[in-house]
Amino acid sequence: MADRTSSSITVKAGKAEIMAVIADLEAYPEWASGIRGISVEETGEDGRATHAKFTFDGGVFIDTVGLAYTWEGDDHVTWTLVDPGSVVTKLHGSYTLDERNGATEVTYELSVDVRIPLIGMMKRKAEKRIIDSALKGLKRHVES
């Protein structure tokens, strides 16, 4: 999974405020398109999810997967697939937040593999669409 797709967006808020939205996984269906439901299975001492089940609508398929989370304060979070779905076989993603001058650059990195054979270019295009949609939804939600 060395190949990853990434994109960034600037959000007019501090990183603590943005990471609080990112950490509120169960609220994702309100602002992240394609997310049908989330259940947090385990939390760490800080109250943030360490394991969660996601059900998402990929357009041509619906799948449920289990993800493990690692949080680094309000700077960075990564997630990795621990319970594959019927379609998704590998998944790794992260948000990195870099606060500057009252705004924060949010970088989302994602790599997904599915059981359906896809040409690399098509896979990257799908990852880019997921990332861009999530970043725009996050920005709208935080800035509203």
(Q) Given the whole protein assembly as supplied and a 1.4 Å probe, what does the accessible area of residue 92 come to in Å², nearest 10? (A) 30
**Q.** Solvent-accessible area per residue, Å², over the chain with all protein chains present [probe radius 1.4 Å]
**A.** 53
Q) How high is the relative contact order of the chain, in percent, counting Cα pairs under 8 Å that sit 6 or more residues apart? A) 29
Q: Give me the lysines in straight-line cross-link reach of residue 15: C-alpha distance below 19 Å, same-chain residues under 8 apart excluded.
A: 136, 139
Q: Working with all protein chains in place, sort 12, 53 by solvent-accessible area computed with a 1.4 Å probe, largest first.
A: 12, 53
Q.
No solvent, one uniform scatterer per C-alpha: report log10 I(q)/I(0) for the chain via the Debye equation at q = 0.10 1/Å, two decimals.
A. -0.31
Q: Sort 129, 48 from largest to smallest accessible area, using a 1.4 Å probe on the heavy atoms of the protein chains.
A: 129, 48
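Of all accessible surface on the chain at a 1.4 Å probe, what whole percent is carbon and sulfur? Intermediate values should be presented prior to the final figure.
Details: 3860 of 7690 Å².
Of all accessible area on the chain, carbon and sulfur atoms account for 50 percent.
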Q. When the solvent-accessible surface of protein heavy atoms is calculated with a 1.4 angstrom probe, in what order do 81, 138 fall, highest first?
A. 81, 138
Q | Bins of 5 Å from zero: percent of alpha-carbon pairs in the stretch 1-80 | A | 3, 12, 21, 24, 22, 14, 3, 0
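The values are calculated or read from the model by the stated rules, or taken from the named source; none is laboratory data. Here the structure is a predicted model, which means the values were calculated and not measured. The accessibility values were calculated without ligands, DNA or RNA, using every heavy atom of the protein model including side chains. Shrake-Rupley method; radii C 1.70, N 1.55, O 1.52, S 1.80 Å.
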